[in-house]
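Take a look at the structure below.
The values are calculated or read from the model by the stated rules, or taken from the named source; none is laboratory data. Values in this document were obtained by computation on a predicted structure and should not be read as measured data. Cβ placement follows ideal geometry from the backbone for every residue including glycine, while neighbour counts extend to all protein chains displayed.
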Amino acid sequence: MFHHPFRSVCAVVALGLGLTAASAETVYNRGAQGEPETLDPQKTSTVVESDLLLDLYEGLVTYDAKANVVPGVAESWTVNDDGTVYRFKLRDNAKWSNGDPVTANDFVFSFRRLMNPETGAKYANVLYTIKNGEKVNKGQAKVEELGVKAIDDKTLEIALETPAPYFVAQLAHQTGIPVHPASVQKYGKDFVKAENWVSNGAYTLKSFSPNDKIVLVKNPNYREAAATKVDTVNVFGIEDRSAALRRFQAGELDTYGDVPTDQIKFIRENLKTKFRLAPYLGTYYFVFNTKKPPFDDVRVRQALSMVVDREFLAEDIWGGTMIPAYSFVPPGIGNYGEPAFASWKDMSPIEREDKAKELLKAAGYGPGGKKLTVEIRYNTSENHKNTSVALANMWKPFNVDVKLVNTDLKTHYAILRDKGDFDVARAGWIADYSDPQNFLFLAESDNKGLNYANYANPDYDALMKKAASEKDLTARAAILKDAEAIFMRDQPYIPLLYYGSKNLVSDKVSGFETNVLDRHLSRFITIKP
């Protein structure tokens, strides 16, 4: 870059005049794996959206740099003896970006808005733990009957249906984020536009330019503004991992949350400490449309799942950055123990192939039977494409003909969430909180927004309901394991891999702590000049 002597002189003069604030603006160029579909906290459903919202807003609790759940707007809380009523004390210095105080009524408004069926919140059932949450969300009770009330401006009380050991951790999720009531009432759905934006987190929204970047600027009213080092966060939505890698190498991105796995060898050798690989509580899976023949036949689903060589996917496709998965709930999650593995996990590849042929034959397919035609949908990513191609190759010997369909992230998840037509589709789930319920609730029959498989099993639902009311954690874990065993038998999803987080982090960046939730709030980041 051309070095301009006049600019250097100006900078020196500015420093001498005490104008350091203007000249020393810190900018963080953050890559994201796609663009958000929405910035409405009560309507989001993707990790990309969550990462943005956790910079822009703050719930009753939040995450520290290592993704531990810590006090947010609430400075403290108490819980009654049977674990069903929480009382949160809000900070006196909690403010909205326009200077308004954050009050308990703001949270009442926001939780009611989340559960109001008219809002259409795809993620509302995460907080069915709140008393009457499910009834309100299904139109069976008035929003005023939701178990959330303001005792006074700075005291919020939340009643639960049953004790939930993970409830406080749930509140760190974006569904627990408050919105500014006056803005929502004045602007309706347009409250998310930059010119109307009011939030209570470390940053506010300056601009959102689709297919370019989202610009966040430091919120001077945030309680930790003085400790927040980054002034401006430029968020670039880049689905093409190779393009992101090139931009990172060129210094255009300070961090990016994924890598093209076919370049892992190059990345390990050349980027060294700039490549951060860590365990991650998440499962990478493909989902069957269980309402569409022949994927409504459990034998077809089981056969296609058991012939997938997960070790090949982990090592050859994902470059050793993922771990073969034989359960839906990842190992190491809280309140559980060992997950319920697939019954055929320890069979040899030959035994699995023979069993799969037997199942397909019984269903009328397989070698010598009808050709099975499968359309696999995946969102833009070399990694997802390579995985889909590998599945097609693994299924081909079983008289399965695969067609691949690719769309961008927003379109892909809109099809899955809004019950569009598909056969098999890529998906993934990252823990919102460390508890098996956070994975297993996805397959409950009434989880309309997130049960992409359209799976419905009354026995499974009954076990999930039973677990929700079980106070003893050991007994609860056993019930959830029984539910997962049904899931792994029915295979509405094909769990393929347990995630590892794969971050590119520039040497200029400090404060970026690897953690099992892969949460990295910008307010903890420092950028060296």
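General observations
- Taken over segment 231-246, residues that are of a type outside the set (S, T, N, Q) and either at pLDDT below 95 or not in a helix (DSSP H, G or I) (or both) amount to 8.
- Residue count for segment 371-385 under the criterion of being in contact with a Pro (Cβ under 9 Å, 6 or more places away or on another chain) and either farther than 30 Å from SER242 by Cβ or not hydroxyl-bearing (Ser, Thr, Tyr) (or both): the result is 3.
- Subset of segment 325-351 (residues that are within 20 Å of GLU315 (Cα to Cα) and either surrounded by 15 or more Cβ atoms within 10 Å (Cβ to Cβ) or outside the structural domain of GLU444 (by TED's automatic domain parsing) (or both)): ALA325, TYR326, SER327, PHE328, PRO330, PRO331
- One residue stands out in segment 247-297 among those that are part of a helix (DSSP H, G or I) and of a type in the set (D, E, K, R): the one that is nearest to ASP507 (Cα to Cα), namely LYS274.
- Residue that is farthest from LEU56 (Cα to Cα), among those in segment 87-133 that are acidic (Asp, Glu) and touching a residue at least 24 places away in the same chain (Cβ under 8 Å): ASP92
- Among the residues of segment 341-395, those identified as among the small types (Gly, Ala, Ser) and at pLDDT 95 or above are ALA342, SER343, SER348, ALA356, ALA362, ALA363, GLY364, SER388, ALA390, ALA392.
- Qualifying residue in segment 359-368 (condition: under 30 Å from LEU245 (Cα atoms) and not acidic (Asp, Glu)): no
- Set ASN270, ASN221: member being within 30 Å of ASP92 (Cβ to Cβ) and modelled with pLDDT of 95 or more: ASN221
- Condition met for VAL136 (touching a helix residue (DSSP H, G or I) at 6+ places or on another chain (Cβ under 7 Å) and either farther than 23 Å from ARG417 by Cα or among the charged types (D, E, K, R) (or both)): no
- Filter pass, GLY133 being buried (at least 16 other Cβ atoms within 10 Å of the Cβ) and out of contact with any Lys or Arg (no Cβ under 7 Å at 6 or more places or on another chain): yes
- Of all residues making up segment 408-442, the number that are among the small types (Gly, Ala, Ser) and free of Cβ contacts under 8 Å to residues at least 60 places away in the same chain: 1
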